[in-house]
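Contents: one structure, followed by commentary.
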Amino acid sequence: MTLPAFVFGSLLATLYGSLFHFWKGGTFTHLVIDLVVAWLGFWGGHALAAAEGWQWGMLGTLHLGAATLGCALLLGIGHLLTMPANNHTN
């Protein structure tokens, strides 16, 4: 992977995490969590695609399709895990 691909991927992961936080809302702590989870999901998806030799969704040396899916998946899971418990009883 080239340095420009790494910088572009990191910017995209940051954008994905920021947009997700804008959509779902939350505190500054949730923003930090969303950004970290987005980076982990993005680069995890890229690494999985590179290890498996997947060629779909490529942008130069960046496995953008798999990275975006990994980011979305981890952001969704992270959101579910950090949601406050519903304490309403009927």
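The values are calculated or read from the model by the stated rules, or taken from the named source; none is laboratory data. All figures in this text were calculated on a predicted structure; none of them were measured in a lab. Because the Cβ atoms are built from the backbone with ideal geometry, glycine has one as well, and the counts that use them run over all protein chains shown.
Okay, residues lined up against (1) within 15 Å of Cys71 (Cα to Cα); (2) modelled with pLDDT under 95; (3) of a type in the set (Phe, Trp, Tyr):
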position	(1), (2), (3)
Leu3	no, yes, no
Leu12	yes, no, no
His21	yes, yes, no
Gly25	no, yes, no
Phe28	no, yes, yes
Asp34	yes, yes, no
Leu40	yes, no, no
Gly44	yes, no, no
Leu48	yes, no, no
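Since Leu73 meets every condition but one in (1) hydrophobic (A, V, I, L, M, F, W, C); (2) at pLDDT 95 or above; (3) surrounded by fewer than 11 Cβ atoms within 10 Å (Cβ to Cβ), which condition does it not meet?
Looking at each condition in turn, Leu73 falls short on (3).
Could you list, in sequence order, all residues of segment 58-69 that are more than 15 Å from Leu15 (Cβ to Cβ) and either surrounded by 16 or more Cβ atoms within 10 Å (Cβ to Cβ) or among the polar types (S, T, N, Q) (or both)?
Answer for segment 58-69, where residues must be more than 15 Å from Leu15 (Cβ to Cβ) and either surrounded by 16 or more Cβ atoms within 10 Å (Cβ to Cβ) or among the polar types (S, T, N, Q) (or both): Thr61, His63, Gly65, Ala66, Leu69.
Taking segment 1-29 as the region of interest, how many residues are crowded, with 18+ Cβ neighbours inside 10 Å and touching a residue at least 24 places away in the same chain (Cβ under 8 Å)?
Matching residues across segment 1-29 total 6.
Can you tell me which residue within segment 50-62, out of those that are of a type outside the set (A, V, I, L, M, F, W, C) and either out of contact with any Gly (no Cβ under 7 Å at 6 or more places or on another chain) or at pLDDT 95 or above (or both), is nearest to Gly78 (Cα to Cα)?
Checked segment 50-62; the qualifying residue nearest to Gly78 (Cα to Cα) is Glu52.
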